[in-house]
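Below is one structure; the comments refer to it alone.
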Amino acid sequence: LGVAVLVIVLSVMSGFDDMWSEKILSFNSHITVSRDGQVLEDYAPLMDDIRRAEGVTGVAPYVQGLVFFTHKGRVYTPIIRGVDPRYEKEVSRIPEHMRFGTFSVGDDEVVVGRDLAAQMNLRVGSQVLVYSPQNFTEPDEMHLPEELKVTGIFELGMWEFDVGYALTSLRRARELYKMEEGVHGLQLRDVDPLRAHGVAERVKAAVGPTYEVTT
């Protein structure tokens, strides 16, 4: 009986660990390349250098920051991530976890998590007003919010992601954060996320010491 209990518990815990690893790695990139809080302006050549590192299977740029969502009197503060749909599928599985609508992130479009949609009473086709913290840094000027249309609702099954994030285009995220060009960083995916440290070392050698490479 003791051996049976031990086998059952180990099996359950192993399955539980695999399940949560899958959910976390479906959203988070395996490796991130950035530069000490600075904007990466000319990032296309950097992406090419990273792709040549052994073990890297995908690279995608992003702009990310906190915003205010308002819809029919409801307010929430998710993190919005500006992405390039051409590359996002290489590093994220969100496009595979769409619950409603489609993964469409045009300049006036946004994709939100299911729990965020529930908090804000959002559906596919809803219009949401988005305020950036930069809107409040200049008290003598009035900045109008961006109005985005919800085109899709994703569900990863992990509350922190399903309530805390929304995705839009790189261009719209730049406008929210008063950026003319560039990105905040690059997301990387590798063959085996459990061996990401080795791939990170090769990426570090490829991009040079001026960049931060974190797993």
Which residue out of P78, P95 is modelled with pLDDT of 90 or more, under 30 Å from M47 (Cα atoms) and surrounded by 16 or more Cβ atoms within 10 Å (Cβ to Cβ)?
P78
What about L122, is it more than 27 Å from V33 (Cβ to Cβ) and surrounded by fewer than 20 Cβ atoms within 10 Å (Cβ to Cβ)?
no
The range 28-52: number of residues that are open to solvent by less than 10 Å² (accessible area, probe 1.4 Å) and either among the small types (G, A, S) or assigned to a loop (DSSP other than H, G, I, E, B) (or both)
0
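Please enumerate the residues belonging to the range 200-215 that are under 21 Å from the mean Cα position of the chain (by Cα) and closer than 15 Å to M47 by Cα. Let's see the steps before the verdict.
Narrowing the range 200-215 to residues under 21 Å from the mean Cα position of the chain (by Cα): 200, 203, 211-215.
Hits for the range 200-215 are A200, V203, Y211, E212, V213.
Kindly evaluate K204 against the criterion of being of a type in the set (D, E, K, R), outside any loop (DSSP other than H, G, I, E, B) and open to solvent by 60 Å² or more (accessible area, probe 1.4 Å). Lay out the reasoning, then the answer.
Numbers: of a type in the set (D, E, K, R): yes; outside any loop (DSSP other than H, G, I, E, B): yes; open to solvent by 60 Å² or more (accessible area, probe 1.4 Å): yes.
Criteria met by K204.
I'm trying to understand the selection: among the residues of the range 156-187, which are assigned to a loop (DSSP other than H, G, I, E, B) and within 17 Å of V91 (Cα to Cα)? Before the answer, list the steps.
Applying the first criterion (assigned to a loop (DSSP other than H, G, I, E, B)) to the range 156-187 yields 156-158, 177-182, 184.
Those that are assigned to a loop (DSSP other than H, G, I, E, B) and within 17 Å of V91 (Cα to Cα): L156, H184.
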Among the residues of the range 66-98 satisfying the criterion of being assigned to a strand (DSSP E or B) and of a type in the set (S, T, Y), which is farthest from the chain's Cα centre (by Cα)?
T70
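The values are calculated or read from the model by the stated rules, or taken from the named source; none is laboratory data. Predicted, not measured: the structure shown is a model, and the values here were computed from it. Reconstructed Cβ throughout: ideal geometry from the backbone, glycine too, with neighbour counts over all protein chains shown. Areas reflect the complete protein model, heavy atoms only, side chains present, ligands, DNA and RNA absent. Shrake-Rupley method; radii C 1.70, N 1.55, O 1.52, S 1.80 Å.
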